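S.K.: Sharing a structure here in structure tokens format.
The numbers here are math on the coordinates, done by the rules we state, and not lab data. All figures in this text were calculated on a predicted structure; none of them were measured in a lab. Every residue, glycine among them, receives a Cβ derived from its backbone with ideal geometry; neighbour counts consider all protein chains shown.
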Amino acid sequence: MNAAEARMVSKSNESKLIGECTNEIIRLTKIQIQSAAKQGHCSVGARYEIPWNIKDKVIPQVVLYFECLGYKVDHKQLSECDCFILKW
């Protein structure tokens, strides 16, 4: 497979990658929230490495999901990863 073919295959699977990445971040963050709440914390910082080509699509979906649940969400772009800070 040459580079052009790889780009076409990658682009055709991008929506699937966006959905899987978004769902995995939400699932893992919910686990962190449950654990932190049980320990008496009022916030959690969750760090993830999101593929560069889908960051612009994944981050707003994750932020919107948790804001709709009533959390205050801050997103920070760190050098190697993205950090979501959720407060309740």
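S.K.: Ratio of the range 35-74's C-alpha Rg to 2.2 N^0.38 Å, to two decimals?
M.R.: Working: Rg = 12.2 Å, N = 40, 2.2 N^0.38 = 8.9 Å.
Here the Cα radius of gyration is 1.36 times the empirical estimate.
S.K.: With +1 assigned to the C-beta of every Lys and Arg and -1 to the C-beta of every Asp and Glu, and no other charges, what is the dipole magnitude of the chain about the Cα centre in debye, to the nearest 20? Kindly include the intermediate steps, with their values, before the conclusion.
M.R.: Values: 12 positive and 10 negative charges, 53 e Å.
Roughly 260 debye for the chain.
S.K.: Along the three principal axes, how long is the chain when you take its alpha carbons, biggest first, rounded to the nearest angstrom?
M.R.: 53, 25, 18
S.K.: Anything over 20 Å Cα to Cα? Flag those among Lys30/Lys72; Lys16/Lys87; Lys16/Lys57; Lys16/Lys72, in the order listed.
M.R.: Lys16/Lys87; Lys16/Lys72
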